[in-house]
Amino acid sequence: MSLIYRFLRVVLLFLATITFVFLSPGTFAAPSSGVLDEIHPAVQAVMNVQSALTSDLMRQPEILGTAVGVNSAGNPVLTVYVDRDAANAGEVIRNLPREFRGVDVQVELTDKFRAMAGRPGGGHTTRQTPPIQLGTSGGWTFDLANGFCCGGTLGSLVSIGGQQHILSNYHVFEADIVSGGNNRVAATGDPIIQPGLIDVNCSNSSAQNVATLVLKHSLPNSNVDCSVGKVIAGMVRTDGAILEIGTISRAIVGASINQAVKKSGRTTGLTRSSVSGLNATISVAYENECAGGAAFTKTFTGQIVITNRASKFLNSGDSGSLMVEDVATNPRAVGLLFAGSSSSAIANPIGQVLSFLGATMVGN
């Protein structure tokens, strides 16, 4: 009898666990007042579910990532990003749970997330009279290969060891790691130019040297996509002013859901949007060289997702833009934009970027 009793007790405990796992979504009803950041209890509850599910979900190539988002009622939910171009996207969506441990699961169909390499045309592409403002076209002086030239955004100014540096992305400054289409690789000391090659008919003699590359090798092994160039004296405004934004704060701020943000970039200029997801795990595709074909796919964790309908907030060539809070005077930095799809943009949290570089923001 004691064996039967122990067996029944184990069965009852198992059933109790199953009941907990599939509690009604009402368990986490409208969040309590306060900012929906990563320390909010309702956000943390979704993060716990995200942690339990994401690894298994992303074994499916059709699933591009997950994040903590909100539903139409403003309640935190688990957002799953599904490749809309996948042949079996419908089947994948049907097989996803609608809720897990009392947390709703919602699907966002999207095209693949890619590092935002430049393309012709843009809002901040003019060669400036030094000292230049940032949020402008720029890049590696030798970013020419395979019959194409590329460029991105010189995003902001940071200080490293007491010296000013221009902050942008790894894939804007130093992604050339094989001597393929242009017979060279990025090296410390290479010129960083303004505008980028894509905006001067691929001729670096029509651009101006504003900084020198300092290789940091953030990818493929770290969790940020960043690179810096040491400022050439007299070429960049020392207050770090950004086109159409002006000066920023030396302080930084964490992201929160529905937070109003803005950025100034090469292609789309000054744009505004809002944060739609936190703690995102996102798969991003990278190319080597300029239009050099697939290099690697990197899965980032702890990222910020921003609404990007029809690529109006972030488009090709805006990579490297600094995302700041949408306030009129001395906004604080929130993230470094580096990738996106036609519906969502992705940013590294600025704190992670500065920590990797051993840097601080230049500002007021």
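Assorted remarks:
- Cα centroid of the range 287-360 to Cα centroid of the range 121-142, whole Å: 18
- Structural descriptor for the chain: relative contact order 19 percent, calculated from alpha carbon pairs under 8 angstrom and at least 6 residues apart.
- Among 346-355, 47-56, the order from most to least packed when residues are scored by Cβ within 10 Å on average: 346-355, 47-56
- With a Cα cut-off of under 15 Å and a minimum spacing of 8 residues unless on different chains, the lysine pairs in the chain number 4.
- Residues in the range 79-119 reached by a label modelled at Asp56 [backbone nitrogen below 17 Å; 7 Å Cα→Cβ]: 79-81, 92-106
- Of the peptides 242-248, 70-76, the ranking by mean beta-carbon count within 10 Å, highest at the top, reads 242-248, 70-76.
- DSSP beta bridge pairing in the chain, given as percent antiparallel to the nearest 5: 85
- Sorting Phe296, Phe313, Phe338, Phe142 from the fewest to the most surrounding beta carbons within 10 angstrom yields Phe296, Phe142, Phe313, Phe338.
- Listed values (i) 11; (ii) 32; (iii) 22, entry calculated as percent of Cα pairs over 38 Å apart: (iii)
- From phi via Karplus (6.51, -1.76, 1.60), per-residue ³J(HN,Hα) for the range 316-329 in Hz, x at Gly/Pro: 3, x, 7, 3, x, 5, 8, 8, 10, 5, 8, 10, 6, 10
- Relative packing of 179-186, 195-202, which averages over residues the other C-beta atoms within 10 Å, highest first: 195-202, 179-186
- Put the Cα centre of the range 206-265 next to the Cα centre of the range 75-104 and the gap is 35 Å.
- Legend: ranking of residues Thr307, Thr329, Thr136 from fewest to most surrounding C-beta atoms inside 10 Å; resulting order Thr329, Thr307, Thr136.
- Helical content alone sets the calculated 222 nm signal of the chain at -4500 deg cm²/dmol, taking -39,500 (n - 2.57) per DSSP H segment of four or more residues and averaging over every residue.
- Any cysteine of the chain lacking a neighbouring Cys Cβ under 4.7 Å - listed by number: Cys226
- Residues with amide H under 5 Å from that of Val70, placed H, sequence gap 5 or more: Val77
A short reminder: the numbers here are calculations on the coordinates, not readings from a lab. Everything numeric here is computed off the predicted structure, so don't read it as measured data. Ideal geometry is used to build each Cβ from the backbone, glycine not excepted, and the neighbour counts take in all protein chains shown.
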